[in-house]
Amino acid sequence: MKILMVLTSHDKLGDTGNKTGFWLEEFAAPYYVLKDAGAEITLASPKGGQPPLDPKSAEPDAQTEATKRFDADAAAKAQLADTKTLGSVSASDFDAVFYPGGHGPMWDLHNDADSLALLEAFAKADKPIGAVCHAPAALVNAKGKDGEYLIGAKRVTGFSNSEEDGVGLSDVVPFLLEDALKEKGGVYSKGEDWGEYVLVDGLLVTGQNPGSSEKAAQELLTLLKVMPSH
């Protein structure tokens, strides 16, 4: 199994002067779920190199078993420091793609031409696509095989308006993810704020928040296991 993980290159939290990026748990938990299942993982981002880490996700209260494992994993850190550029990877080389969240994707992956082209190629080839928390922002403008929006009429979730209110960033983000998913025809639903909530519709897996990242990766694996081998 070859799996592409796509991270953000965006590090500015709007005009607040604060930093953002990817959320550590949403990278580390799926990374180890997939790696422990024997997957070969390739990391990519719009600009390549070290993607920016949201500093809040490195704070003590945000740590989990997966983040602690990553902190002690020199090989994984070296891999993360040297992500490939999105423009240099091809969907044909992978069996699935997974997008970890953090607020960063709301700014760059939402409209990144290389990311959109990749997603469309994965969709066209009937390969599983996963995204968690804010990363479904990357799906909003992607088109499916039929030329319609990829998320159109699909059951999807992502960081909710109430969770955005909860972190005090509803006026900082460029748009509200829940609203954007609905606007493009997604059949949006959510669970409890901060609780694990993952939806699978066909080959699309979406998770609501950091607590959903591990299960989202497990669901992606489940899809891969039932796929006819290429």
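The values are calculated or read from the model by the stated rules, or taken from the named source; none is laboratory data. The model shown is predicted, which means the values in this text are computed figures rather than measured ones. All Cβ positions, even for glycine, are placed from backbone atoms using ideal geometry, and neighbour counts span all protein chains on display. In case anyone asks, the SASA skips ligands and DNA or RNA and just uses the protein heavy atoms, side chains included. Shrake-Rupley method; radii C 1.70, N 1.55, O 1.52, S 1.80 Å.
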Evaluation of Leu220 against (1) farther than 26 Å from Gly14 by Cα; (2) open to solvent by 60 Å² or more (accessible area, probe 1.4 Å) (one fails), failing number: (2)
Within the range 196-226, of all residues that are assigned to a helix (DSSP H, G or I) and among the hydroxyl-bearing types (Ser, Thr, Tyr), the one nearest to Pro128 (Cα to Cα) is Thr222
Restricting to the range 175-195, name every residue that is of a type outside the set (Gly, Ala, Ser), more than 20 Å from His103 (Cβ to Cβ) and assigned to a loop (DSSP other than H, G, I, E, B). Glu192
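For every residue, the table says whether it meets (1) in contact with a Cys (Cβ under 9 Å, 6 or more places away or on another chain); (2) more than 14 Å from Thr8 (Cβ to Cβ); (3) at pLDDT below 95.
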{"position": "Pro51", "(1), (2), (3)": "no, no, no"}
{"position": "Asp61", "(1), (2), (3)": "no, yes, yes"}
{"position": "Ser88", "(1), (2), (3)": "no, yes, no"}
{"position": "Asp112", "(1), (2), (3)": "no, no, no"}
{"position": "Leu119", "(1), (2), (3)": "no, yes, no"}
{"position": "Gly130", "(1), (2), (3)": "no, yes, no"}
Taking Phe27, is it out of contact with any Pro (no Cβ under 8 Å at 6 or more places or on another chain) and surrounded by 18 or more Cβ atoms within 10 Å (Cβ to Cβ)? no
In the range 1-95, which helices (runs of 4 or more DSSP H) lie fully inside it and hold 1 or more residues that are closer than 29 Å to Ala125 by Cα? 24-36, 74-80
How about the range 22-69: which of its residues are in contact with a Gly (Cβ under 6 Å, 6 or more places away or on another chain) and under 21 Å from Ile3 (Cβ atoms)? Phe22, Trp23, Glu26, Leu53
Among Gly158, Gly186, the single one that is in contact with a His (Cβ under 8 Å, 6 or more places away or on another chain), surrounded by 15 or more Cβ atoms within 10 Å (Cβ to Cβ) and closer than 25 Å to Val226 by Cβ is Gly158
Every residue in the range 84-100 that is among the charged types (D, E, K, R) and open to solvent by less than 60 Å² (accessible area, probe 1.4 Å), please. Asp95
Quick check, is Leu116 under 14 Å from the mean Cα position of the chain (by Cα) and free of Cβ contacts under 8 Å to residues at least 40 places away in the same chain? yes
